Every structure is written in structure tokens, then in C-alpha cells.
Amino acid sequence: MGITVDTYSMQETVEHIRQAVEGQFQIRVVTANPEMIYASERNKRLNRLINSADIVTADGIGVVWAAKRLGTPGLERVTGIDLVQAMFPIAHVGQWRIFFLGGKPGVAEQAANRVALKNPGITWEAMNGYFSAEEEPGVLDKIRHFQPDVLLVGLGAPHQEYWITKHPGLASVSIGVGGSFDALAGLVVRAPKRVQELHVEWLYRLWKEPWRWKRQTVLPRFVLKIFWQSFRSRR
Ligand code: UDP
């Protein structure tokens, strides 16, 4: 579908992030889920934006499956929430500065607080994701003033990806993390480990948040596209 996904494992992705923070160079990370990849086929801007990221991870079992079907087996699932959770202990050791931007008022603070309780080496600042165009300069000032090593943007995909590219240079590492703050704050409970291992977390999410069904109708369409593509390439 025109998207290149990196084959980095979770550990390798975190290592790239660590190198960017320590070397003080700037990278942008996109965790690409099937919805985004599917939408990018018709949306050239989104396509460019994903492909121009420094790291594109396979966010979800659908992407891992698609890669296998198209000839790249063994990809590791690197979701936004899992990635930040793997990164926090490294951030703690390195005493990084992390800005949490996104979510309803109070959620990013609650998420950051909980993260910092376990990882006290982290210095953080937070801001909710519901600001107007008039308020945006104030948000940018707050981020610049804080000088984060890592900027986590949880405004929902693909809005957060547009936002990050529109405002480059705010941090060494910028990552779009979707609804991760809701999970980090404990407001959304993730599927039990066993369900995650069975690769049906999406089904659990649909059960818990049934209003998402409309978005998830993309999944069967994504699967059909991949089947069609692998069938054509075999012929
Ligand atoms: N959100 C936000 N500002 C907005 C719209 C959404 O901060 O203008 C937040 C919302 O509160 C939620 C996240 O963005 O925390 C989107 O979560 P969702 O699970 O829908 O996104 P996904 O992980 O699927 O990208």
C-alpha cells in the first residue's frame, strides 16, 4: 500500500531513541497501524508523512501479519503504548525530560505522574490536547521553554502526525502515541497479557469500546487488500 515499515524490534527502536536523545539529533517516530496505512493509500500527504519519518513501527498485529504475507516474516509488534513503556526505564536512567501533550484535561498530568512515580529520574511537563488555534502559540511556548528530550503527542492518529511535522524542532524525539495517556493514567484498561499474546487485543478493545466498531471496519478491508496484493505478486 505504499508504506515502508522498519523491521526494528522494540529493543532496537528504544536504542535508536536513546541514541537520538544522547546525540541530541532529531528524529520522528510513527507507530503505523492498519487504519493509518489503509488511509494513506488515498491520502498522499499522509503517505509522505509516514514514509518520511525516521522510524516507522508496526503498530498492531495486522501490520505484522501483512508484512509476513508480503514476504517479511518475523516483524515485531511495536505499539505506541508498549514503546513508551519500554522507553521510560531508559529515560529514568538518562534523566530525560519528557513532555506529555494530549488527552482530555488532567489526563496527561495523571499519566506523567504515574510514570514518574515508577521512574523518578524523569522530569516531565504535561498539557491537554484540546486547545484552539489561538491557544496553540501558548502550547508551543510551553514546550519550547521546557526543552524536552522527548515529546509524546497523544492527539489521535493521524492528527498527531500532522501536528508533529507542522512543528519540527521541539524535541530530539517526537512520537505520536494516540490514546496511550488514557492507558498510562489508568483510565483505559488494556487487554490482559494472555489476550495480547493471542493477538486479539483489537477484539478486546472492540468489546470494551464498542463505539470504535466503525473505525475497525477498516481491518477486514485492510486484510482483503493484503490478500489481493500477495495474490497478484505471486502471479
Ligand atoms: N485527543 C486530543 N485532542 C483532540 C482529539 C483527541 O488530545 O483534539 C486525544 C484523546 O483524548 C485520546 C487520543 O487523542 O486520548 C486519541 O485516542 P484514540 O485511542 O482514539 O487514538 P488512536 O490511539 O487510535 O490514535
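Just so it is clear, none of the values below were taken in a lab; they were calculated from the coordinates. Given the structure is predicted, the values throughout are model-derived calculations rather than measurements. For neighbour counting, all protein chains shown are included, and Cβ atoms are generated from backbone atoms with ideal geometry for every residue, glycine included.
Annotations for the structure displayed:
- Check: the chain dipole with +1 on Lys, Arg Cβ and -1 on Asp, Glu Cβ, in debye: 1140 debye
- GluC sites (Glu not before Pro) lying in DSSP loop within the stretch 14-109, provided at most 15 other Cβ fall within 10 Å: 41, 76
- Environment charge at residue 190 (Cβ cut-off 15 Å; Lys +1, Arg +1, Asp -1, Glu -1): +1
- What the phi angles of the stretch 167-175 give under the Karplus curve with 6.51, -1.76 and 1.60, with θ = phi - 60°, is a coupling list of 10, x, x, 7, 7, 5, 10, 10, 10 Hz, glycine and proline written as x.
- Ordering 90, 17, 37 by Cα displacement along the dipole of the chain toward the positive end leaves 37 in first place; charges were set at the Cβ atoms of Lys, Arg (+1) and Asp, Glu (-1).
- The residue list 7, 99, 110 was ranked by how far each Cα lies along the charge dipole of the chain toward its positive end, using unit charges on Cβ atoms, and 7 comes out on top.
- Length-normalised contact order of the chain in % [C-alpha pairs under 8 Å, at least 6 apart]: 22 percent
- Neighbour net charge for residue 128 - beta-carbon separation under 14 angstrom, K R +1, D E -1: -3
- The helix-based estimate of mean residue ellipticity at 222 nm for the chain, built from -39,500 (n - 2.57) per DSSP H run of four or more residues and divided by its residue count, is -15000 deg cm²/dmol to the nearest 500.
- The chain: angle of helix 80-94 to the longest principal axis, Cα-based, in degrees nearest 10: 40 degrees
- The stretch between residue 230 and residue 9 holds 77.2 nm of extra length on full extension. This uses 0.36 nm per residue minus the Cα-Cα distance.
- The stretch 1-66 - percent relative contact order, Cα under 8 Å, separation 6 or more: 45 percent
- Among the chymotrypsin sites (Phe, Trp or Tyr not before Pro) found in the stretch 40-148, those both in a DSSP coil and sparsely packed, with 16 or fewer other Cβ atoms within 10 Å of their Cβ, are 130, 131.
- Cα-centre dipole for the stretch 88-201 with unit charges at Cβ (Lys and Arg positive, Asp and Glu negative), debye to 20: 400 debye
- For the stretch 1-121, the Cβ-based charge dipole about the Cα centre amounts to some 320 debye (Lys, Arg positive; Asp, Glu negative; other atoms uncharged).
- Think of the stretch 87-194 as having a plus end and a minus end, set by charges on the Cβ of Lys, Arg, Asp and Glu; of 172, 192, 121, 192 sits farthest toward the positive end of this dipole.
- Coil-residue trypsin sites (Lys or Arg not before Pro) of the stretch 35-79, DSSP, other Cβ within 10 Å capped at 10: 42
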